[in-house]
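Remarks on the structure that follows.
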Amino acid sequence: MSWTTADPMVSLKDVHKSFGELKVLNGVSLDVMKGDVICIIGPSGSGKSTLIRCINALNDIQQGSILVEGQEVNDPKVDKLELRKKVGMVFQQYNLFPHKTALQNVMMAPIRVLKHDKIKVEEVARALIKKVRLEGKENAYPGELSGGQQQRVAIARSLAMQPDVILFDEVTAALDPETVGEVLQTIKDLAEDGMTCILVTHEMAFAREVADHIYFTDRGVIVEHGPPETFFQNAQDPRTKEFLSQIL
Amino acid sequence: MKYETDLPVMLPLERHQSEPFLGLKSKHILTVALIAIIGPCVAFAQAPSGQESPLAVLVNWAPLLLKGFIFNLIISISAMAFGTAIGAILGLGQISLIAATRHSSWFVTQFFRNAPWLVLLFFAMFLLPFEINILGFKIPFPDWLKAILGLSLPVMANVSEIVRGAVRSLPSGQWEAAESLAYTRMQTLWLIILPQCVKRMLPPWMNLYSILTMATVLASIVGVSEVMTLTGQALASEGGRPELLAPFYGFVLLLFFIYCYPIARFTVWLEKKYAVIN
């Protein structure tokens, strides 16, 4: 059975994950089609970050199935490197490599991992830095950039690998309020370009604006999901209602 | 504009005084000078008339002692180089994903780190043969070479810990970011982790070198003709005049101080510099 774009790009079925005694995911299922932007929201500790970290095998799962383009991730034989070439990730703490400049951060993986030609990679990398609106900062080290700028470099770094889907793990949570906007704008640009995005976020207004589908998680399960309009206006579950009333 | 105030917080910040040469203030230089002068003076006062003054004797012997000291430095540099090379491998072994490698590296590190240097030196001296027979060729294995090997054992163990500690001190996000970009573990280590560790490893590594240099005199106990052995021999050949002890050993002390102190200062400077960046 080969995967086609008519099938979900990422498909989770009954995913269970625990850290020792602590159960973090209790049977999560969701499908993401190519070009979809989905937002996962929910209270802290509800397993949102763990959920997306399982998709690129940063965390392993105990039970269930995660398919990325038809490839089973929950399989000891899975080629994690091949998987991670398809699935990009952006972290809350940016995690740029501090000993490399912004441009080098973007260029390194395509050259070293994908073994692409250095000159072409540099061309692409410069274009990506321009795309995230950081022209002129190519030679700055991460330590010289603001949080928002670092996060945009991190997004460019992830894009340089030409992934099919990008995971965003609370990417604005550590930012100063005035730089949140520029990062969200960058993600919005990506979404408009048709990039498949899976976001864990606390930015409700943003989720409402860009998401095709919203998932609300609590205590390791998906409580409710739907398109943004229905979700925000007609929440059914009391837990969702309570959560929304607290933050809206 | 000047404020009249008694409140310390309102007073202007005291300007940082420019760092004096090597961090030494005049009083420190004075103290060292006094040690250098008083020792010989006392010795001179003790000296019976008719004999050469202790200072003159010391000047006669100084070239030989200096040669001995340079031998100490050669031992220290060789032991450091050898210990660092093996220790780095051992340190990487300690963070290996293979449990057997990790555990054995850990054990070797702990074993040699928690052993007295002198005992390790004796261990190397008396366990290693005085010559090695390879295909009929007899390769001599002199004492100084054994001393280098003996001293490189604790260096190896300490470097191993320095490497492990530096790798551990990096935030786990660096590993995760590299993993998510499909770097292999080897690539992550060589391209991302270790380059960042070098800065963190340099100060403790230099500190270790300083300690090692001072420990090279232990080799005199096992008969290597380094500076301490030569000093003893020089004193003996001068007929064991007690007034010579202070100037001779004072001279040796001074040699080590002049060599090791700048290293210590440089280490402090590096630590300060990197503390600001990180």
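Quick notes
- In the set (1) more than 18 Å from the chain's Cα centre (by Cα); (2) more than 8 Å from every other protein chain (Cβ to nearest Cβ), the condition left unmet by A:H99 is number (2).
- A:R157 surrounded by fewer than 17 Cβ atoms within 10 Å (Cβ to Cβ) and not β-branched (V, I, T): no
- Test: residue in segment B:113-128 that is over 30 Å from B:V217 (Cα atoms), without any contact (Cβ under 8 Å) to a residue 60 or more places away in the chain, touching a helix residue (DSSP H, G or I) at 6+ places or on another chain (Cβ under 7 Å) and not charged (D, E, K, R): no
- Close pairs from segment A:152-171: first over 16 Å from A:A57 (Cα atoms), partner at pLDDT below 95 and among the acidic types (D, E), Cβ under 8 Å, at least 6 apart: A:R152/A:E182
- B:L230 being closer than 18 Å to B:A124 by Cβ, in a helix (DSSP H, G or I), away from chain A (no Cβ under 14 Å) and among the hydrophobic types (A, V, I, L, M, F, W, C): no
Quick grid of which residues meet (1) within 24 Å of A:K23 (Cβ to Cβ); (2) modelled with pLDDT under 90; (3) not in a strand (DSSP E or B):
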residue	(1), (2), (3)
A:F206	no, no, yes
A:T217	yes, no, no
A:E224	yes, no, no
A:E229	no, no, yes
A:Q236	no, yes, yes
A:E242	yes, yes, yes
A:S245	no, yes, yes
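Results for (1) touching a Leu at 6+ places or on another chain (Cβ under 6 Å); (2) in a loop (DSSP other than H, G, I, E, B); (3) within 14 Å of chain B (Cβ to nearest Cβ), shown as yes or no for each residue.
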| position | (1), (2), (3) |
| --- | --- |
| A:N105 | yes, no, yes |
| A:E123 | no, no, no |
| A:R133 | no, yes, no |
| A:I155 | no, no, yes |
| A:S158 | no, no, yes |
| A:Q162 | no, yes, yes |
| A:A173 | no, yes, yes |
| A:T179 | no, no, no |
| A:C197 | no, no, no |
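- Residues in segment A:1-36 that are among the hydroxyl-bearing types (S, T, Y) and outside any loop (DSSP other than H, G, I, E, B) were compared, and the one that is farthest from A:L190 (Cα to Cα) is A:S18.
- Only listed residue being buried (at least 18 other Cβ atoms within 10 Å of the Cβ) and touching a strand residue (DSSP E or B) at 6+ places or on another chain (Cβ under 7 Å), chosen from A:V180, A:V165: A:V165
- Here segment A:204-248 is the region considered, the condition is being farther than 23 Å from A:V180 by Cβ and of a type in the set (G, A, S), and the residue that is surrounded by the fewest Cβ atoms within 10 Å (Cβ to Cβ) is A:G226.
- Positions within segment A:32-67 being within 13 Å of chain B (Cβ to nearest Cβ) and among the hydrophobic types (A, V, I, L, M, F, W, C), in sequence order: A:I52, A:C54, A:I55, A:A57, A:L58
- Test: residue in segment B:124-136 that is under 22 Å from B:S225 (Cβ atoms) and among the acidic types (D, E): yes
- Within segment A:1-52, tally of residues that are surrounded by 22 or more Cβ atoms within 10 Å (Cβ to Cβ) and of a type in the set (K, R): 2
- Flag: A:V73 matches the condition of being without any contact (Cβ under 8 Å) to a residue 60 or more places away in the chain and either surrounded by 22 or more Cβ atoms within 10 Å (Cβ to Cβ) or within 14 Å of chain B (Cβ to nearest Cβ) (or both).
- The one condition in (1) within 14 Å of another protein chain (Cβ to nearest Cβ); (2) hydroxyl-bearing (S, T, Y); (3) surrounded by 15 or more Cβ atoms within 10 Å (Cβ to Cβ) that B:S169 fails to fulfil: (3)
- When we screen B:I221, B:I192, B:I211, B:I263 for residues that are free of Cβ contacts under 8 Å to residues at least 24 places away in the same chain, hydrophobic (A, V, I, L, M, F, W, C) and more than 30 Å from A:V153 (Cβ to Cβ), the only hit is B:I211.
- Any hit, segment A:90-102, residues being assigned to a helix (DSSP H, G or I) and touching a His at 6+ places or on another chain (Cβ under 7 Å): no
- Residue that is surrounded by the most Cβ atoms within 10 Å (Cβ to Cβ), among those in segment B:179-201 that are assigned to a helix (DSSP H, G or I) and within 8 Å of chain A (Cβ to nearest Cβ): B:S180
- Evaluating A:L167 against the criteria (1) over 11 Å from the mean Cα position of the chain (by Cα); (2) in a strand (DSSP E or B) leaves one unmet condition, (1).
- In segment A:107-121, the residue that is surrounded by the fewest Cβ atoms within 10 Å (Cβ to Cβ) out of those that are away from every other protein chain (no Cβ under 11 Å) and of a type in the set (A, V, I, L, M) is A:I119.
- Residue match in segment A:28-38 (condition: in contact with a helix residue (DSSP H, G or I) (Cβ under 8 Å, 6 or more places away or on another chain) and either over 16 Å from A:V87 (Cβ atoms) or aromatic (F, W, Y) (or both)): yes
- For segment B:241-251, the criterion of being part of a loop (DSSP other than H, G, I, E, B) and surrounded by fewer than 19 Cβ atoms within 10 Å (Cβ to Cβ) is satisfied by at least one residue.
For every residue, the table says whether it meets (1) more than 10 Å from chain B (Cβ to nearest Cβ); (2) within 23 Å of A:T196 (Cβ to Cβ); (3) surrounded by fewer than 18 Cβ atoms within 10 Å (Cβ to Cβ).
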position	(1), (2), (3)
A:K85	no, yes, no
A:G88	no, yes, no
A:K130	yes, yes, yes
A:P142	yes, no, no
A:L145	yes, no, no
A:R152	yes, yes, no
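The values are calculated or read from the model by the stated rules, or taken from the named source; none is laboratory data. Every value quoted in this text rests on a predicted model; they were computed, and no experiment measured them. Glycine also receives a Cβ, built like all others from the backbone with ideal geometry; neighbour counts cover every protein chain displayed.
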